[in-house]
1. Cross-link partners among lysines for Lys274, C-alpha distance below 16 Å, same-chain residues fewer than 8 apart left out?
2. Can you give the % of DSSP beta bridges in the chain that are antiparallel, to the nearest 5?
3. Of Gly347, Met286, Ile21, which is farthest along the charge dipole of the chain in the positive direction, counting Lys and Arg as +1 and Asp and Glu as -1 at C-beta?
4. Order the peptides 99-111, 8-20 from the highest to the lowest mean number of other Cβ atoms within 10 Å of their residues.
5. What order do you get for 340-350, 379-389, 187-197 when each peptide is scored by the mean count of other beta carbon atoms within 10 Å, highest first?
6. Considering only the range 3-158, what is the antiparallel percent among its DSSP beta bridges, to the nearest 5?
7. Rounding to the nearest 20 debye, state how big the charge dipole of the chain is about its Cα centre with +1 on each Lys and Arg Cβ and -1 on each Asp and Glu Cβ.
8. What order, most packed first, do the peptides 475-485, 67-77, 245-255 have when packing is the mean number of other Cβ atoms within 10 Å of each residue?
Amino acid sequence: MTTLNLFSKDPARSNADALVIGVRSEGGSATVEGAAFLSRSAAESVARAITLLGVTGAVGEITKVPAGEAVKADLLVLAGLGTEVEDAAGRRERLRRAAGAATAALAGTERVLLALPGSEAEDVEAVAEGALLGNYAYARPGTSADKDKSPVQRIDVAGALRGRAAKSALARAQAGAEAVHAVRDLVNTSPNLLYPESFAAKAAEAVKGTKVSIKVLDEKQLRDGGYGGLTGVGQGSDRPPRLVRLSYSPSRAKRKVALVGKGITFDSGGLSLKPPKSMETMKSDMAGAAAVLHTVVAAARLELPVAVTGWLALAENMPGHAAQRPSDVITIRGGKTVEVLNTDAEGRLVLADALMAAAEEKPDMLVDIATLTGAQMVALGSQTSAVMGTDEARGAVAGAATRAGEQFWPMPLPEELRPSLNTPMADLANIGDRKGGMLVAGLFLREFTDGLPWAHLDIAGPSFNEGSPQHYIPSGGTGVGVRTMLELLRSGEDK
């Protein structure tokens with residue numbers, strides 16, 4: 001378990017194994033920033049190393065140099081901060097990325113001290129959070145830990161911050177990073193080990209010792225309750241669906257927010273079968289539900305003054321003998337009928353059930369998060385998520401994402417695309433126009449929000465990194481969305 005501490009003494013005198021300082025990029029060259037504690041000889045030595053090694057100061061660039069006699073640490077690590085940016089949120093995200101890149105590069109190290117620029121509580125929180133986010137390794141079942149790849153054991157953050165502000169900054173960083181790590185672990189778990197029933201069991205485990213209550217509906221209760229989306233999607237698997245309701249209800253809550261997560265524990269596409277290559281990452285199709293689970297747990301641990309319900313719509317989409325067929329008509333919770341024209345557009349069906357259940361409780365805001373469409377990746381790539389919904393809720397989520405350092409882009413819901421969901425066989429079909437498919441999916445979900453302030457987060461690409469690690473983002477599950485939803489809950493801003 002990594003420990004996180006504030007370090008208020010002279011960083012040059014710390015006996016940490018590695019001392020991390022920031023390097024700013026300026027006009028093609030790089031300069032040290034925020035390390036006034038270095039002696040003149042040490043500063044000159046670092047400047048020579050920057051020139052000789054061609055250090056650019058680009059965001060996330062990490063350069064290790066011998067510390068020399070001027071500092072007590074064994075290793076000096078130069079972390080790129082990029083060019084100076086004016087807005088505070090952008091500056092803090094660069095601190096977060098520099099810290100995360102440093103701890104990721106220092107895997108196997110016992111103690112690391114980060115002396116990056118910034119003295120405000122939000123700066124300290126960004127450095128601490130980034131360092132913890134980069135300090136992640138997935139513990140594969142049945143394998144022994146590789147010491148050289150194990151996370152840093154102790155992280156110290158240099159700064160003069162004291163008292164309640166310091167304690168709160170570290171608590172927020174720790175709670176947020178732990179939630180992200182827990183989501184990554186779930187997303188990285190093999191689908192033979194993580195399926196609706198075992199996911200529900202893990203949710204029950206996660207809320208133990210917190211003020212979060214849990215209720216799980218099994219397949220019989222789902223059928224009896226009119227949850228046709230979950231029942232229909234899950235009927236092709238011998239591992240039946242579940243709907244998990246989480247509730248955190250502090251006595252001083254000023255508002256109520258419902259979070260709904262898509263939890264397809266494996267998506268074969270059903271009878272509309274995916275190509276084999278496209279199935280390889282489909283264990284990650286439950287990333288939305290994982291994000292909701294651990295956002296609710298983190299909100300409880302931080303004792304946020306907001307009531308939160310979390311809904312995990314869990315199913316496995318398989319082409320078994322009882323699988324739903326293209327052209328089947330199902331009835332969603334609340335009575336609307338849907339013609340299933342493509343069984344690989346299943347996420348919106350389970351979300352429709354959960355959205356309706358959440359809307360019945362009349363929250364002040366309704367937010368769903370899902371690895372919903374391949375069209376999201378076509379539109380925005382693999383690092384930027386989309387947010388759609390009512391103007392008020394969409395703006396609140398976009399603002400929270402900016403403050404949290406996550407990339408979410410506001411997208412429209414054009415009314416001219418809505419008729420493409422019309423069908424003579426039901427109230428609507430589960431697919432429509434392929435052009436603008438991400439937006440069509442958002443329009444489908446809007447039908448099940450009961451007119452409430454609502455935001456839909458499509459994280460299809462950013463939820464799973466198929467490439468190499470970058471700054472604080474590892475390969476595999478990323479935990480995207482947790483920081484944004486936590487900031488949304490924490491800020492209390494609904495605009």
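1. Hits, sequence-local ones excluded: Lys283.
2. 45
3. Ile21
4. Values: 99-111: 22.8, 8-20: 19.0.
Going by the mean number of other Cβ atoms within 10 Å, highest first, we get 99-111, 8-20.
5. 340-350, 379-389, 187-197
6. Close to 35 percent.
7. 1040
8. Working: 475-485: 26.5, 67-77: 18.5, 245-255: 15.5.
The densest-packed peptide leads the list: 475-485, 67-77, 245-255.
Here, each number is a calculation from the coordinates, and none is a lab measurement. Given the structure is predicted, the values throughout are model-derived calculations rather than measurements. Every residue, glycine as well, gets a Cβ built from its backbone with ideal geometry; the counts of neighbours run over all protein chains shown.
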